[in-house]
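Encoded as structure tokens, the structure appears first; notes follow it.
The values are calculated or read from the model by the stated rules, or taken from the named source; none is laboratory data. The model shown is predicted, which means the values in this text are computed figures rather than measured ones. Positions of Cβ are backbone-derived with ideal geometry, glycine not excepted, and every protein chain shown enters the neighbour counts.
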């Protein structure tokens, strides 16, 4: 009788436990660590670029962050943080807004403003992919940075 119980444990219970463990591991490994949700998209005046305001939330960090990325027209938002601006807080709660304007013959400037200020983690004055695209930032009534 002990041999039958041992064999059941060895050939039935152990494989089921291993299968359950592998299934849980695979589920955890495929769950995205962070996710992005687009709040606003605005095409540039020359229609070559798009400013994307999005909220980013990560499983390992409480809360949200406001992010802004500049993409070439029809570009796809990467599964990462913004390439121009990052601030703590949800963009809708902070009142984040973006407006494009022409800057000289070839340049563009993205004016970023918010009604409330979260902790700013990144505010680049120039888009790294194109030095002709600059950014200015205004939080509340204080001008914090300028790209020109």
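General remarks:
- Residue that is nearest to residue 134 (Cα to Cα), among those in the stretch 65-89 that are under 11 Å from the mean Cα position of the chain (by Cα) and surrounded by fewer than 20 Cβ atoms within 10 Å (Cβ to Cβ): 83
- Put simply, of 72, 55 the only residue that is touching a helix residue (DSSP H, G or I) at 6+ places or on another chain (Cβ under 9 Å) and at pLDDT 95 or above is 55.
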